[in-house]
1. Holding the Cα-Cα limit at 19 Å, pick out from LYS16/LYS82; LYS2/LYS55; LYS9/LYS82; LYS8/LYS82; LYS8/LYS39; LYS9/LYS55 the pairs that are longer than that.
2. Tell me the label-point distance for the pair GLU43, ASP66, using the 7 Å Cα-to-Cβ offset, in nm and rounded to one decimal.
3. How would you rank 36-49, 54-67, 7-20, highest first, on the average number of other Cβ atoms within 10 Å across their residues?
4. From the backbone phi of the range 48-53, what are the Karplus-calculated ³J(HN,Hα) couplings (6.51 cos²θ - 1.76 cosθ + 1.60, θ = phi - 60°) in whole Hz, Gly and Pro given as x?
Amino acid sequence: MKANEFVKKFGWDRAKREVALIGTIAMMCGDNDFNNDLKRLVESHELVAIHGFEKSKEIVANAPSDDHFYSWTLGSSGVRDKTVNIGELRKAIADVESCMEVSSESN
């Protein structure tokens, strides 16, 4: 099973738990490619979840290029909370999309 198929089948919460287990248990066996892919997907999901899927897509669509960065502040503090490369955000969106159920599959 591919990592994105795992997320489709079991959801993001289970994927996050699996990644946490991967981090706490010395991997004695298992598919390291799967584990690495699952970890990347969870990290992508968390990045996109900061603003939500649609807002993240809007940020990428309005960026001048993938080489630019997007920063946001935490509340009204004025303190920069996070800065992300647009190219990385674009890849994270693609990762999240790869885990979404396609409506035609459920028919």
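1. Numbers: LYS16/LYS82 21 Å; LYS2/LYS55 27 Å; LYS9/LYS82 31 Å; LYS8/LYS82 28 Å; LYS8/LYS39 15 Å; LYS9/LYS55 25 Å.
Flagged as over cut-off: LYS16/LYS82; LYS2/LYS55; LYS9/LYS82; LYS8/LYS82; LYS9/LYS55.
2. 1.7 nm
3. Numbers: 36-49: 17.7, 54-67: 12.4, 7-20: 15.2.
With the highest mean Cβ count within 10 Å placed first, the list reads 36-49, 7-20, 54-67.
4. Residue by residue, the range 48-53 yields 5, 5, 4, 10, x, 4 Hz.
Each value in this text was obtained by applying a stated rule to the coordinates, not by laboratory testing. Only a predicted model underlies this, so the values are computations on that prediction, with no experimental measurement involved. Note that we place each Cβ from the backbone using ideal geometry, even for glycine, and neighbour counts take in every protein chain shown.
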